[in-house]
1. Please identify the chymotrypsin sites (Phe, Trp or Tyr not before Pro) of segment 1-76 that satisfy two criteria: DSSP loop assignment and at most 13 other Cβ atoms within 10 Å. Which are they?
2. Can you list the DSSP H helices in the chain whose Cα atoms extend at least 24 Å along the helix axis and whose mean Kyte-Doolittle hydropathy is 0.5 or higher?
3. Loop by DSSP (not H, G, I, E, B), at most 12 other beta-carbon atoms within 10 Å: where is the longest site-free stretch of the chain for GluC sites (Glu not before Pro)?
4. Gain in length, LEU39 to GLN162, computed as 0.36 nm per residue apart minus the alpha-carbon separation, to one decimal in nm?
5. Are there chymotrypsin sites (Phe, Trp or Tyr not before Pro) in segment 119-211 that DSSP puts in a loop and that have at most 12 other Cβ atoms within 10 Å, and which ones?
6. Which Cα, out of PHE107, GLY177, VAL120, lies furthest along the positive dipole direction of segment 90-194 (beta carbon charges, K/R +1, D/E -1)?
7. Among the trypsin sites (Lys or Arg not before Pro) within segment 2-82, which fall in a DSSP loop and have no more than 10 other Cβ atoms within 10 Å of their own Cβ?
8. Between SER151 and LEU66, what is the label-to-label distance in nm when each label sits 7 Å out along the Cα-to-Cβ direction?
Amino acid sequence: WLLKYVLQARLNYPKDAVNKYWSMSFKEKVGRRIGYEWLPVHYHMSTGSTGLPTPCVYTRRDLLGLLPVLSAAVFPRPDPPSPEEPYLGLDSRIMNVFPGVPHLAFFQTVFMKILLGASVFDTGGGKAIPTERQIEIFHRARQNFVTAVPSYMIYWLRTAVQLKEEGRIGKMDHFHGVFLGGEAVSKAQRAYIKELAAALGPHPRFRIIET
């Protein structure tokens with residue numbers, strides 16, 4: 001099993017950029033290849049369907065090999081796509097308002113933009129950038145989707161409706177939908193989110209996407 005890592009070190013494949021700055025022995029290069037596949041480099045938590053915090057560990061191989069495939073799964077659409085339907089796609093402008101904590105919902109969105117080239121503005125949540133300021137940025141930049149925890153999404157939308165009533169923002173016809181994760185979404189929450197969004201003048205086929 002070591003032969004694979006020896007060959008990778010000899011061929012420098014996948015390319016190891018550290019070779020440009022470090023003078024390493026061949027043994028160290030082989031060690032780097034083993035670490036590429038087995039050394040945990042990223043940690044976060046996920047509650048999943050159980051509601052219990054579960055640690056998740058990724059190696060560099062996971063981040064560059066597995067995660068691009070998992071990230072692409074959040075962009076499903078029929079073939080051919082309907083020209084009237086707003087799809088969450090790589091050409092969408094997304095605002096990530098998941099709190100900046102070691103949790104799957106936040107990091108999956110961050111990894112998605114890095115690995116797939118999606119346009120995402122990460123706010124780090126309401127404690128990092130005040131909710132009103134988030135909404136002003138979303139409106140001014142004409143972004144299309146918001147990713148959030150359902151409970152915070154409701155607060156975000158209620159605040160947006162208030163800002164619109166005060167004349168601080170205008171109609172949000174560029175608002176295509178929300179991507180919800182981190183906790184379960186009840187039927188009542190889903191209906192309330194749709195009601196609040198409707199008050200902002202969004203896309204006529206506003207979408208609510210759940211993980």
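The values are calculated or read from the model by the stated rules, or taken from the named source; none is laboratory data. Computed from a prediction, not measured in an experiment: that's the story for all the values here. Here Cβ is always computed from backbone atoms with ideal geometry, including for glycine, and neighbour counts include all displayed protein chains. For accessibility, only protein heavy atoms count, side chains too; no ligands or nucleic acids. Shrake-Rupley method; radii C 1.70, N 1.55, O 1.52, S 1.80 Å.
1. Values: sites: TRP1, TYR5, TYR21, TRP22, PHE26, TYR36, TRP38, TYR43, TYR58; in loops: TRP1, TYR21, TRP22.
Passing sites in segment 1-76 are TRP1, TYR21, TRP22.
2. Details: long enough: none.
Answer set is empty.
3. Numbers: sites that count: GLU84, GLU166.
My reading of the result: 1-83 is the longest stretch.
4. Values: separation 123, 0.36 × 123 = 44.28 nm, distance 4.85 nm.
Between LEU39 and GLN162, full extension yields an extra 39.4 nm.
5. Working: sites: PHE121, PHE138, PHE145, TYR152, TYR155, TRP156, PHE175, PHE179, TYR192, PHE206; in loops: PHE175, PHE206.
In loop regions of segment 119-211 (DSSP not H, G, I, E or B), there are no sparsely surrounded chymotrypsin sites (Phe, Trp or Tyr not before Pro).
6. Of the options given, the answer is GLY177.
7. Details: sites: LYS4, ARG10, LYS15, LYS20, LYS27, LYS29, ARG32, ARG33, ARG60, ARG61; in loops: LYS15.
Here the trypsin sites (Lys or Arg not before Pro) that fit, given the DSSP loop and packing criteria, are LYS15.
8. 2.9
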